[in-house]
Amino acid sequence: MKKFVCSNCGYSSPKWFGRCPQCGEYDSAEEAILEKKGREAHASLLLNLEEASSLSLERLSTGFSELDRVLRGGLVPGQVLLLSGEPGIGKSTLALQVCEKFAEKGTVVYVSGEESPQQIKMRADRLKLKNKENILLSTENDLDAVLTETSEKKPRFLVIDSLQTVFSSELGSSPGSVSQVKAVTMKVINFSKKRMIPAMIVGHVTKEGEIAGPKMVEHMVDTVTYFEGDRRTGLRILKVVKNRFGPSDEVAVFELEENGFKQVESPSFVEEGVELPGNVVTCVFEGTKPFVVQVQALVSKNRVFAPKRVGKGIDTSRIMLLVAVLSKVVKIPLEHHDIYVNVVGGLRITDPAADLAIALAIVSSYLELPMPGVAALGEIGLDGKVRKVYNIKRRLGALKGFKKIIVPALEAESEEESVIAVQDLREAVKILGGDFSVSTRVDREDKVDIPWDRPEEGVG
Ligand code: TYD
Ligand code: MG
C-alpha cells in the first residue's frame, strides 16, 4: 500500500498529488513507506476507510477448528487473548495444546510463573506433544527479564501462565497486586503488538466467580474468554465474552480426556434422567450456534424459612421472575417452596428462549409430573404469554427427535406433528397434563402422596 505525504504541511493521501489540496504547495508529495500494519509507520494516525479496509487480518489457526470458529477464523497477529477460569479447569492444558499448533512452524514461548519445568514436561508428555523442541519454556517470574530474552527468539506465539504469578520488577508491588496485574498485561500487549504475534494470558478466577485480577484487565486486552464447566462430566465450555476481532458470546465446547482436550462439535447437554420429573429440554443460541440443553428443577417444600431460589447456569433473578409468573398467572403456589434450577453440563444460559423450559421444569418438579420427550422454546412475558424466539427453524432442527416441542403460537407454521403451539404458559402447562383445576388436584392428591399447597384463590 502506498501513501503520499505533503512535505510542507503533512497532508496525506493514498493518491499522488501534483499540488497539495491542503496548503497549495506544488510538487510536495512524497511517498511514505508503510509497513503492513505497524502503526508507527503511518505518516498519519488516521486512516481513511479505503485504506483501513485493505488491511486484511491474517488469521492463525489454534489447532482447534471450534476455537478458531469462535475467534472468527483464528488468532490475529498482535491479538492478546485472556483465558480466565477457575484453578484446575484446564487452562494450562489448553494453552499448551495451542502452543503445539504454533510450534509446528516455529518457536513458541511458554512462560509459567507457577509450575516447575518438570511439571510442565509431565503435562507435555501426557499430551504427547510432537513439537517440543520448538516450545521454549520459562519458569522465571520476572516478566521484564523473560520478555527481553523472548524477543531474541522471535516467537510466533507467547503464553503467560498466569497473570497473577509473573511480575514486573520495575514496580515495587508484589505479584498479583492491582498495579502488577495491569503492568504485566500492558507489557504483554506492547510486546505482542510490536512484534505482531498473538499472545495468550491465563488468569485465575476464584470459585465465587469474583475475578481477582483478570477482571481488571479485560478492557485492555483484545479478547476475553471464560473457560468453565462441570468437572464431573469433563465437558468444558469456552465462552468469548469480548472480542475486538469478531463477535462475542460465541461458545466452543471441549472434552477433557486422558491426553488433553478434544473439541466437541455437536455437544449434547442432555443426560440420563431427562425423563424424570423436573427435567425439560430446550435449545439456546450461544452466539451463532444452537445448543440443546436440559434444564433441571427441584421444588421442595419449606414452610419454616424464607424460600430459596438458587440457579446454576442461570440467573436467580430470572428464576424469581418466572416463579412470580407461575404463581400469578398459572396459580401455582410456590411461595412456600425452595426452588433450585440447574442447567446440565455447565453451560451458563442467557437466551430468553429457555424461559418456557425453565418454567415447565419447575411445574414438572412441583407436580412430580414427568415430561419425557418434551422440549420447549419461548420467552415468557410478565403476563404469562409465550413470546416468539429468533431462529426458530434452526432450533427445531436441533431438537429433531423430541416427541413434543412446545413453541410460541405465532411460530406454529411447522408441519411436524410434534410441534405444539401455545399462546401462554397456562396453556403449555395444561397440554403437558398439569391441569390446575380443582378436580385434578384432588385426583392427584389421592393417587400420589405429594403434598402441595392449596392456592388461596380458587382456580379453574
Ligand atoms: P490444568 O491445565 O492444570 O488446569 P488449570 O491450568 O486451569 O489450573 O488441568 C487440570 C486438570 O486437567 C487436572 O485435574 C488433570 C486434568 N488433565 C486431564 O484430564 N488430561 C490431560 O491430558 C491433562 C494434561 C490434564
Ligand atoms: Mg494452570
Rank by packing, highest mean first: peptides 360-368, 282-290, with packing defined as the count of other Cβ atoms within 10 Å averaged across residues. 360-368, 282-290
For segment 217-294 and segment 82-112, what is the separation of their C-alpha centers, rounded to whole Å? 19 Å
Using alpha carbon coordinates only, what is the Rg to Rh ratio of segment 335-406, with Rh defined as the Kirkwood radius? 0.96
Heavy-atom accessible area of the chain with neighbours in place, 1.4 angstrom probe: carbon+sulfur share in percent works out to 52 percent
Counting only DSSP beta bridges with both residues in segment 58-263, what percent are antiparallel, rounded to the nearest 5? 40 percent
Starting from the amide H of Glu140, placed 1.01 Å from N in the peptide plane, find each other amide H under 5 Å away whose residue is 5 or more places distant or on another chain. Ser112
The set of residues whose placed amide H lies less than 5 Å from the amide H of Arg156, leaving out same-chain residues fewer than 5 positions away, is Thr107, Val108, Val109
Please figure out what share of the DSSP beta bridges in the chain is antiparallel and state it in percent, rounded to the nearest 5. 55 percent
Cys residues of the chain counted as unpaired, since no other Cys beta-carbon is under 4.7 Å: Cys99, Cys283
In sequence order, what are the phi-derived ³J(HN,Hα) couplings for segment 389-401 according to the Karplus relation 6.51 cos²θ - 1.76 cosθ + 1.60 with θ = phi - 60°, rounded to whole Hz, with x for glycine and proline? 10, 7, 6, 4, 4, 5, 5, 5, x, 5, 9, 3, x
Could you run the Karplus curve 6.51 cos²θ - 1.76 cosθ + 1.60 with θ = phi - 60° over segment 162-176 and give me ³J(HN,Hα) per residue in whole Hz, x for Gly and Pro? 10, 3, 7, 10, 10, 8, 9, 6, 5, 9, x, 6, 7, x, x
With charges only on Cβ, +1 for K and R and -1 for D and E, what is the dipole size of the chain about its Cα centre, in debye, rounded to 20? 600 debye
Under the Karplus relation with 6.51, -1.76 and 1.60 and θ = phi - 60°, whole-Hz ³J(HN,Hα) for segment 295-305, x at Gly and Pro, equal 9, 10, 10, 10, 10, 9, 5, 8, 8, 8, 9
Extending each Cα 7 Å along its Cβ direction at Glu271 and Glu416, get the distance between those two points in nm, one decimal. 2.5 nm
Output the peptides 313-320, 159-166 sorted from most to least packed, where packing is the average of other Cβ atoms within 10 Å over each peptide's residues. 159-166, 313-320
MRE, 222 nm, helices only [DSSP H, n ≥ 4, -39500 (n - 2.57), over the chain, to nearest 500]: -7500 deg cm²/dmol
Under 24 Å from the Cα of Lys301, which lysines turn up, not counting those fewer than eight places away in the same chain? Lys312, Lys328, Lys331, Lys430, Lys447
Using every pair of alpha-carbon atoms in segment 115-274, split the distances into 5 Å bins beginning at 0 and state the percent of pairs per bin, rounded to integers. 1, 7, 14, 17, 19, 19, 13, 5, 2, 1, 0, 0
Per residue, how big is the convex hull around the C-alpha atoms of the chain? Give it to me in cubic angstrom, could you? 205 Å³
Tell me the per residue accessible area of the chain using a 1.4 Å probe; a whole number in Å² is fine. 48 Å²
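The values are calculated or read from the model by the stated rules, or taken from the named source; none is laboratory data. This one's a predicted model, so the numbers in the text were calculated from it and none came from an experiment. Please note: Cβ atoms are built from the backbone with ideal geometry, for glycine as well, and neighbour counts cover all protein chains shown. Heavy atoms of the whole protein, side chains included, go into the accessibility calculation; ligands, DNA and RNA do not. Shrake-Rupley method; radii C 1.70, N 1.55, O 1.52, S 1.80 Å.
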